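Below is one structure, written out as structure tokens, with a few remarks after it.
The values are calculated or read from the model by the stated rules, or taken from the named source; none is laboratory data. Predicted, not measured: the structure shown is a model, and the values here were computed from it. Here the Cβ is made from the backbone with ideal geometry for all residues, glycine too, and neighbour counts use every protein chain on show. Calculation scope for accessible area: heavy atoms of the full protein, side chains included, ligands and nucleic acids excluded. Shrake-Rupley method; radii C 1.70, N 1.55, O 1.52, S 1.80 Å.
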Amino acid sequence: MLASSASPFRLEPHATPVEAVTRDARLVDPGFGKVFTDHMAVVGWSSADGWHDARVVARTPLSVDPACAVLHYAQEIFEGLKAYRLADGGTALFRPDANAARFRSSARRLAMPELPDELFVASLKALVAADRDWIPAGEEGALYLRPFCIASEAFLGVRPATEYLYMVVASSVGAYWKGGARAVSLWVSHQFTRAGAGGTGAAKCGGNYATSLIAQQEATERGHDQVVFLDAAERRWVEELGGMNIFFVHADGSLRTPPLTGTILPGITRDSLIALARDAGRTVREEPYAIEQWRADAASGRCAEAFACGTAAVVTPIGQVAGPDYAFPIGDGGIGPVTAELLAALAAVQRGRAPDPHGWRYPLP
Ligand code: PLP
Ligand code: COI
């Protein structure tokens with residue numbers, strides 16, 4: 001039996017890792033999701049053997065059968081979290097247990113095997129240990145970890161696969177937005193929706209993102225940064241962005257964010273910001289907000305600020321909102337004081353500059 005401190009992941013180090021000078025050049029301005037590290041973590045699953053063969057190996061293209069189930073029926077889930085350099089020189093993850101739990105919940109919705117939380121967290125630890133030098137310096141620098149699981153069985157019948165591959169890749173990242181942190185403009189999609197009742201909106205599965213792309217494309221073509229979706233039943237209630245949750249700040253300093261009814265992703269950043277805002281004495285309501293109310297409140301000043309949030313984009317102020325026949329600014333179109341306060345509070349916990357009363361930081365050895 002393994003000692004409790006021993007990793008279940010076997011390390012097969014890369015024979016020819018990227019040279020330090022080349023790596024360091026890539027870390028200067030990495031952008032988001034373009035620079036990848038030397039290694040990846042892999043675990044197999046089969047109905048006969050369960051989870052097996054946990055390893056960290058050289059990152060390399062996969063070879064899969066063209067009939068591999070994920071390629072046809074999109075049986076796939078993923079996660080996203082970051083490893084941060086701490087103020088004291090250490091490294092930490094942020095709430096990996098929450099990502100592990102959401103990964104299991106996504107697996108249940110997609111009829112996939114649930115990866116035990118210990119194996120999920122161990123995979124992150126093992127990969128970061130192998131690729132620690134890929135964490136960029138600087139306030140926005142982090143190692144973005146992308147755990148995912150695919151149905152790897154070659155079979156064209158429509159049923160849950162009997163074989164899966166769990167993997168983690170890591171990407172050295174800076175700011176999510178080109179040009180660095182700034183207020184973004186949103187396009188409200190009145191035509192396309194992201195998720196309906198009973199669907200997969202609360203699961204982090206690739207299919208949700210595939211169906212969001214046409215609306216995102218429309219947003220981009222119209223000169224906006226991101227799409228924001230309305231609910232599928234009434235096309236009225238603001239839900240979330242393609243890859244971020246949304247908050248509204250009222251003039252009295254209280255916050256509002258759409259409730260978790262099964263159609264939006266239960267964001268870990270969302271949950272953390274609710275806690276931090278309440279810690280600071282603010283009222284936070286998880287209540288629906290209608291697009292026409294948002295318009296009216298933005299015009300009257302009752303909605304003073306709005307921001308998007310997620311692991312990749314952290315806390316991003318929303319400056320402008322537009323739909324097919326309307327457009328309105330939020331506040332003065334820049335970052336508001338409550339948004340700035342919450343961003344600073346979250347970043348300080350994530351990067352080890354503030355106490356961590358909720359026990360969210362997960363220091364890595
Ligand atoms: N909503 C969607 C659709 C997302 O893809 C993400 C990103 O992960 C989020 C919200 C924010 O979730 P988290 O804060 O856990 O990163
Ligand atoms: C994240 O914030 O981790 C996301 O997954 C958003 C996007 C990159 C899909």
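Residues in the stretch 275-294 that are surrounded by 16 or more Cβ atoms within 10 Å (Cβ to Cβ), assigned to a helix (DSSP H, G or I) and away from ligand 1 (no atom under 16 Å from the Cβ): 291, 293, 294.
In summary, residue 332 fulfils each of the numbered conditions (1) away from ligand 2 (no atom under 16 Å from the Cβ); (2) free of Cβ contacts under 8 Å to residues at least 40 places away in the same chain; (3) under 25 Å from the mean Cα position of the chain (by Cα) with the single exception of condition (3). On the basis of being within 16 Å of ligand 2 (Cβ to nearest atom) and either surrounded by 19 or more Cβ atoms within 10 Å (Cβ to Cβ) or not aromatic (Phe, Trp, Tyr) (or both), does residue 327 make the cut? No: the conditions fail for residue 327. Among the criteria (1) more than 16 Å from ligand 1 (Cβ to nearest atom); (2) more than 30 Å from residue 325 (Cα to Cα); (3) among the hydroxyl-bearing types (Ser, Thr, Tyr), the one residue 272 does not fulfil is (1). Given 7, 105, 47, 63, which one is within 16 Å of ligand 1 (Cβ to nearest atom) and either over 24 Å from residue 206 (Cβ atoms) or hydroxyl-bearing (Ser, Thr, Tyr) (or both)? Of the residues listed, the single one that is within 16 Å of ligand 1 (Cβ to nearest atom) and either over 24 Å from residue 206 (Cβ atoms) or hydroxyl-bearing (Ser, Thr, Tyr) (or both) is 105.
Residue by residue, here is whether (1) of a type in the set (A, V, I, L, M); (2) free of Cβ contacts under 8 Å to residues at least 24 places away in the same chain; (3) touching an Asp or Glu at 6+ places or on another chain (Cβ under 6 Å); (4) away from ligand 2 (no atom under 16 Å from the Cβ) holds:
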position: 144; (1), (2), (3), (4): no, no, no, no
position: 149; (1), (2), (3), (4): no, no, no, no
position: 152; (1), (2), (3), (4): no, no, yes, yes
position: 156; (1), (2), (3), (4): yes, no, no, yes
position: 162; (1), (2), (3), (4): no, no, yes, yes
position: 179; (1), (2), (3), (4): no, yes, no, yes
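Just checking, how many residues over the stretch 164-182 are crowded, with 16+ Cβ neighbours inside 10 Å and either modelled with pLDDT of 95 or more or among the basic types (Lys, Arg) (or both)?
So the first thing to find is which residues in the stretch 164-182 are crowded, with 16+ Cβ neighbours inside 10 Å, and the list is 164-177, 181.
Next, from what is left, pick out any that are either modelled with pLDDT of 95 or more or among the basic types (Lys, Arg) (or both): 164-173.
Final tally of qualifying residues: 10.
Of the listed requirements (1) β-branched (Val, Ile, Thr); (2) buried (at least 16 other Cβ atoms within 10 Å of the Cβ); (3) within 30 Å of residue 37 (Cα to Cα), residue 200 misses just one: (3). Put simply, of 100, 92 the only residue that is open to solvent by less than 60 Å² (accessible area, probe 1.4 Å), of a type in the set (A, V, I, L, M, F, W, C) and either outside any helix (DSSP H, G or I) or within 14 Å of ligand 2 (Cβ to nearest atom) (or both) is 92.
Within the stretch 203-215, residues that are within 12 Å of ligand 1 (Cβ to nearest atom) have Cβ atoms under 8 Å from residues that are assigned to a strand (DSSP E or B) and modelled with pLDDT under 95 in no pair, counting only partners at least 6 apart in sequence or on another chain.
Identify all residues within the stretch 295-316 that are away from ligand 1 (no atom under 16 Å from the Cβ) and of a type outside the set (A, V, I, L, M); write none if there are none. Break it down into steps so the answer makes sense when it comes.
The first filter runs over the stretch 295-316 and keeps only residues away from ligand 1 (no atom under 16 Å from the Cβ), leaving 295-305.
Those that are away from ligand 1 (no atom under 16 Å from the Cβ) and of a type outside the set (A, V, I, L, M): 295, 297, 300, 301, 302, 303, 305.
Looking at the structure I just gave you, is residue 161 modelled with pLDDT under 95, hydrophobic (A, V, I, L, M, F, W, C) and either open to solvent by 10 Å² or more (accessible area, probe 1.4 Å) or assigned by TED's automatic domain parsing to the domain that holds residue 63 (or both)? The answer is no for residue 161.
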